[in-house]
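Remarks on the structure that follows.
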Amino acid sequence: MLLVADVRMLPAYYALVGAIGLLQVGYVVPIWRLLRRKGKATNRSRMMLAAGITAFLNVVLALVIFRRL
């Protein structure tokens, strides 16, 4: 609904998508450091894989949405 409001708001939409990415970094890095400290390499690598997939899907979805504008 936000994306159809006005074309002049396009920079705000890009900023919103970027903020979502920064929020993901904000929770992934502390968890990764905690797992590294505890020596759980398997869980750490799986968590990074899941975070990478999530980031990739966010970029793809953002490209799909913004190309339709």
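The values are calculated or read from the model by the stated rules, or taken from the named source; none is laboratory data. This one's a predicted model, so the numbers in the text were calculated from it and none came from an experiment. Using ideal geometry, Cβ is built from the backbone for each residue, glycine included, and neighbour counts are taken over all protein chains shown.
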Selection status of Ala12, modelled with pLDDT of 80 or more and either at positive phi or among the hydrophobic types (A, V, I, L, M, F, W, C) (or both):
no
Output for Cβ contacts, cut-off 8 Å, separation at least six or different chains, first residue touching a residue at least 24 places away in the same chain (Cβ under 8 Å) in the stretch 30-57, second β-branched (Val, Ile, Thr), reads Ala51/Val28
